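To keep things clear, I will list the structure first and then write my remarks on it.
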Amino acid sequence: MKPTNISGIFTALIMAMFILSLFSGNVAALEAPREKIVRDQIVNAKEQYQINKEKNDNTREQYQKNKEKYDDTRNQFEDAKNLFEKANRRLRDAKDNKSNEDLNEKAREYILKAIEHTEAQLEVMKNRLDNNENLGITASDATKIIDAHTAQLEELKVKVDNATTIQEIRDVHKELAGIVAKINLETRYFIGIELNRRIDNFINRADNVSVKVDDAIDKLDAQGKDTTKLKAEVADFKNRLEEAKDIQAKTIALFSTHSGFAADGTVTNEKDARDFLKQANELQRENIKKLKEAGRQLIEFGRDFRRLVGPNVKVNDKGDLEVDGHATTTLTGGATATLTEED
Amino acid sequence: MKFVYILIVLVIAAFALGCVDKKQTETTTKTSPGETAVTATSVSQAPDDLFGTESDLNAMNSTLGDMDMQISLVDAI
């Protein structure tokens, strides 16, 4: 073969490689926008997670502070109330000015502490409703109602400071009693809504867990393991879950009617509101009891599952139940099943 | 012959560019599953409590406690 021919073939070969290598670059370039979108989505998800985490941490921290303040003001209120009641028993029939002034002072102090305690209760409630996870409930209406009550209480502070006669103090107390009665009912109503949300979430996640544990049992069955006990525990768990769903349906029906409350959460009829809340809150307590029983069954299941497959069982980041180190026993399911929630 | 050398340099450059892009693709793919973990909530829990049930129930108890916040004033002054 002549050198010119060799050079020609070599050149053609290199040209072909060059053209092909350009395609590999083009393919990579075509994939780049898709990869960029995925990368951006991941970055956005991370940022959003961080924002939500910080917000939740702040809310939780604020909640703890509000709750501590609530406990402090409750103690101060109870002390002031006791002192007033003692003074009232001792001095109510006294006619001298000093005794009257002493009793007025104790009454004034008791009312001021009652107002501070009520305000602390409102702050705890507001924090519960401000939580960004409470989307979907009447948080803005509730916040308006809470702010209006706080303004009323601030006015009462001025009135009680300016009161000079026992009658004026009695009038302030009567006004305070009316506001407190409403706040007590609204607390049970708004926190009741929040409790419903938590119960709903628990039930939904527990449904996912049911799917997971069924998958896990199927796979153990396929491996020839004795799953009799696990099946009994899961059946018990599911029964309690179904009972909880029935109770929750009744509770939600009551809250939908919200007898004694306007749509924005304002008390319209105290007696009706009290009756509605009595029924609804009893159902909620019963349901939490039921869910605790279901939860205990799930923990029993976890214990026996670990006994059967070994100690290295965990629910992974995706919510899948898996056994470490044994690919064949890795138990995967569909949606996230972890029940873990915020405090 | 000069033309051949230029072509070789171009081929190497084109391969290198292609490889760099491919490497980026692999890196992203590799990190993706890990990134999804950021949406998962991690709370310390008892070993047998695989699904974090206790944590949820405690949260409900805490809410129930707040529902019981009631202020009891004296009947009258």
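Worth pointing out:
- Residue satisfying condition, being in a helix (DSSP H, G or I), exposed (fewer than 15 other Cβ atoms within 10 Å of the Cβ) and on the phi < 0 side of the Ramachandran plot, within set A:236, A:246, A:215, A:264: A:246
- Where a residue in region A:262-277 is more than 15 Å from residue A:143 (Cβ to Cβ) and its partner, wherever it lies, is assigned to a loop (DSSP other than H, G, I, E, B) and of a type in the set (Val, Ile, Thr), with Cβ under 6 Å and at least six apart: A:262/A:268
- For the residues A:157, A:113, the requirement of being within 11 Å of another protein chain (Cβ to nearest Cβ), in contact (Cβ under 8 Å) with a residue 40 or more places away in the chain, within 36 Å of the chain's Cα centre (by Cα) and more than 27 Å from residue A:271 (Cβ to Cβ) singles out A:113.
- All positions within region A:65-86 that are under 17 Å from residue A:128 (Cβ atoms) and away from chain B (no Cβ under 11 Å): A:65, A:68, A:69
- Take the conditions (1) in contact with a helix residue (DSSP H, G or I) (Cβ under 8 Å, 6 or more places away or on another chain); (2) under 30 Å from residue A:264 (Cα atoms); residue A:144 misses just one of them, which is (1).
- In region A:309-320, residue farthest from residue A:224 (Cα to Cα) [restricted to those that are at pLDDT 75 or above and crowded, with 17+ Cβ neighbours inside 10 Å]: A:315
- Consider region A:87-102 and keep the residues that are basic (Lys, Arg) and away from every other protein chain (no Cβ under 12 Å). The one that is surrounded by the fewest Cβ atoms within 10 Å (Cβ to Cβ) is A:95.
The values are calculated or read from the model by the stated rules, or taken from the named source; none is laboratory data. Values in this document were obtained by computation on a predicted structure and should not be read as measured data. Don't worry about glycine lacking a Cβ; one is built from the backbone with ideal geometry, like all the others, and counts go over all protein chains shown.
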